[in-house]
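Every number here is computed from the coordinates shown, using simple stated rules; none is lab data. Values in this document were obtained by computation on a predicted structure and should not be read as measured data. When we count neighbours, we look across all protein chains shown, and the Cβ atoms used for this are built from the backbone with ideal geometry, even at glycine.
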Amino acid sequence: MFRQLMTATAAVLILLSGNAHAQVNEEAAQALAKKAKCTKCHSVDKKKDGPAYQDVAEKYKGKADAVDKLYTHLTTGPMVEVDGEKEEHEILRASDDEIRNLIGWILSR
Ligand code: HEC
């Protein structure tokens, strides 16, 4: 009985997490954000020089091109404003998989 209950619970949890972000490796994403110094200007829930990841996730919610837009943002160094000064956004140098994992993590905040 206990085992059946556990199996049922596990099945429900898998179903609940069964969305587009289920494949995100949280640890790898956070480690990369730290290594690439993204944390200097971004945090999950507070605006710093850059927007909070929660706000980015909110902005792109339901947008089909979210991943593409962010991929371009993170790999081409578009101009952004930091302290009233225009500068190139940090270019994320990592493998395609790592970049996509980090984007998936940001979008699921
Ligand atoms: C020097 C500060 C700084 C660093 C370092 C930085 N960012 Fe940003 N980031 C910004 C600013 C400022 C914006 C706002 C751009 C705008 O809205 O015009 C931004 C915007 C973003 C956005 C939202 C883009 C959009 O289309 O809305 C994402 C996602 C992002 N940064 C991720 C990262 C990641 C990942 C890293 C690490 C590789 C990083 N940032 C490093 C300052 C920074």
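Key figures
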item: Within the chain, helix-based [θ] at 222 nm, where runs of 4 or more DSSP H residues each add -39,500 (n - 2.57), nearest 500; result: -15500 deg cm²/dmol
item: Across Lys35/Lys61; Lys35/Lys69; Lys61/Lys86; Lys40/Lys69; Lys37/Lys63, pairs whose alpha-carbon gap is larger than 24 Å; result: Lys35/Lys61; Lys61/Lys86; Lys37/Lys63
item: Two-site label geometry, Glu85 and Gln23: point separation in nm, points 7 Å out along Cα→Cβ; result: 4.0
item: Taking the chain and dividing mean pair separation by its residue count, relative contact order in percent (alpha carbons under 8 Å, at least six apart); result: 32
item: Cα shape, the stretch 24-107, gyration tensor, a/c 1.5 rule; result: rounded
